[in-house]
């Protein structure tokens, strides 16, 4: 099962049995609006704080995924979940009622990839028949924690990305479906010394490049062996940098690259600057758009690479750089 330096190829591939997506009003007005399972009428989701709203999204996504699969929470062995907030509070409060044994994760915006990798490894190793994966982000809670409270009304630079208000949940198991996880490439931390939290695409692009190249080397594949190579949150700035970095290594993915942050919003009519970001960006896009395209056979093999900027309020205020990480998940039509 071990492939190359950082990858695993599953002999008995786990499947993504079902998924669900919940997003906010702005995301529902974007290009993928009709594809999401639930779109909130407002971004509070009936709660009185942004943080509680994010927890509510996670709970709804999990319940929707379980309902679509005709399962109860008792059918899930372990839950892998995470978000952007301190100590993963949105996740712990969101999934509390499910009472599923839980692993709380933090990989910034790459958390959906980290969770899918661990869940698929557990299923393949026989540690349980089904695992539940869930991640989320919320524009209001993320802005308050990482940059400024919304009431501050600070001006955003053009390199800034809009944190997606959304959540995605996935059931990874042994039961056959139209999408299987055939391999993973676990990313490592890559730090080019950038310190601009308002340009996360630039901070994450080197990590995306590193993981994509490592995946191709470990599996002895070429760019054209994938129908799509999909990053999570690079946006328009990060995509341009990724292409340059890949060309320096004599790789060209321009014709088959897609970025979730560029897909979930319409740059021409939605004021999102460089695109979307956040744990919910890649997760909601995967559930609503990517998995259906694989299940239908439109795409036979996809490399899904969520990207994360590993910063905290403390590290940023102390002038530390913003390292990046990216995890690769190989998804194939079945």
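The values are calculated or read from the model by the stated rules, or taken from the named source; none is laboratory data. Since we're looking at a predicted model, the values are computed, not measured. FYI the Cβ positions are ideal-geometry reconstructions off the backbone, even for glycines, and counts take in every protein chain you see.
Applying the condition of being in a helix (DSSP H, G or I) and within 24 Å of residue 58 (Cβ to Cβ) to the stretch 261-279 and asking which residue is farthest from the chain's Cα centre (by Cα) yields 263.
Going by what's in this entry, would residue 116 be described as in contact (Cβ under 8 Å) with a residue 60 or more places away in the chain and assigned to a loop (DSSP other than H, G, I, E, B)? Criteria not met by residue 116. Residues in the stretch 93-108 that are in a helix (DSSP H, G or I) and within 19 Å of residue 165 (Cβ to Cβ): 93, 94. Here residue 112 fulfils each of the conditions (1) touching a helix residue (DSSP H, G or I) at 6+ places or on another chain (Cβ under 9 Å); (2) modelled with pLDDT of 95 or more; (3) within 30 Å of residue 188 (Cβ to Cβ); (4) surrounded by fewer than 17 Cβ atoms within 10 Å (Cβ to Cβ) apart from (4).
Restricting attention to the stretch 49-84, the residues that are assigned to a loop (DSSP other than H, G, I, E, B), modelled with pLDDT under 95 and touching a strand residue (DSSP E or B) at 6+ places or on another chain (Cβ under 7 Å) add up to 2.
Condition test on residue 168, is it under 15 Å from the mean Cα position of the chain (by Cα), assigned by TED's automatic domain parsing to the domain that holds residue 17, modelled with pLDDT of 95 or more and crowded, with 17+ Cβ neighbours inside 10 Å? Here the answer is yes, as residue 168 does meet what is asked.
Is there a residue in the stretch 10-23 that is part of a helix (DSSP H, G or I) and surrounded by fewer than 20 Cβ atoms within 10 Å (Cβ to Cβ)?
No, the stretch 10-23 contains no residue that is part of a helix (DSSP H, G or I) and surrounded by fewer than 20 Cβ atoms within 10 Å (Cβ to Cβ).
The residue of the stretch 131-147 that is modelled with the lowest pLDDT, among those that are surrounded by 20 or more Cβ atoms within 10 Å (Cβ to Cβ) and not in a strand (DSSP E or B), is 142. Residue check: residue 184 meets all listed conditions (1) outside any loop (DSSP other than H, G, I, E, B); (2) in the same structural domain as residue 322 (by TED's automatic domain parsing); (3) surrounded by fewer than 19 Cβ atoms within 10 Å (Cβ to Cβ) but one, namely (3).
Check whether at least one residue in the stretch 254-262 is more than 23 Å from residue 186 (Cα to Cα), surrounded by 16 or more Cβ atoms within 10 Å (Cβ to Cβ) and without any contact (Cβ under 8 Å) to a residue 60 or more places away in the chain, and report yes or no. The answer is yes; a qualifying residue exists. Scanning the stretch 219-260 for residues that are outside any loop (DSSP other than H, G, I, E, B), modelled with pLDDT of 95 or more, within 27 Å of residue 167 (Cα to Cα) and touching a strand residue (DSSP E or B) at 6+ places or on another chain (Cβ under 9 Å) turns up 228, 229, 230, 231, 239, 242, 256, 257, 258, 259, 260. Residues of the stretch 24-45 that are over 18 Å from the mean Cα position of the chain (by Cα), closer than 14 Å to residue 138 by Cα and in a loop (DSSP other than H, G, I, E, B): 40, 42, 43, 44, 45. Looking only at the stretch 266-282, decide whether some residue is farther than 24 Å from residue 321 by Cβ, surrounded by 24 or more Cβ atoms within 10 Å (Cβ to Cβ) and either outside the structural domain of residue 68 (by TED's automatic domain parsing) or touching a helix residue (DSSP H, G or I) at 6+ places or on another chain (Cβ under 7 Å) (or both). Yes, because at least one residue in the stretch 266-282 is farther than 24 Å from residue 321 by Cβ, surrounded by 24 or more Cβ atoms within 10 Å (Cβ to Cβ) and either outside the structural domain of residue 68 (by TED's automatic domain parsing) or touching a helix residue (DSSP H, G or I) at 6+ places or on another chain (Cβ under 7 Å) (or both). For the stretch 24-32, the criterion of being in contact with a helix residue (DSSP H, G or I) (Cβ under 8 Å, 6 or more places away or on another chain) and farther than 25 Å from residue 262 by Cα is satisfied by no residue at all.
In the condition set (1) in contact with a helix residue (DSSP H, G or I) (Cβ under 7 Å, 6 or more places away or on another chain); (2) outside any loop (DSSP other than H, G, I, E, B); (3) within 23 Å of residue 69 (Cβ to Cβ), residue 128 is compliant with all but (2). Regarding residue 161, is this residue in contact with a strand residue (DSSP E or B) (Cβ under 8 Å, 6 or more places away or on another chain), within 25 Å of residue 318 (Cβ to Cβ) and at pLDDT below 95? So residue 161 passes the test. The set of residues from the stretch 294-329 being touching a residue at least 24 places away in the same chain (Cβ under 8 Å) and either in a helix (DSSP H, G or I) or assigned by TED's automatic domain parsing to the domain that holds residue 144 (or both) comprises 294, 295, 313, 316.
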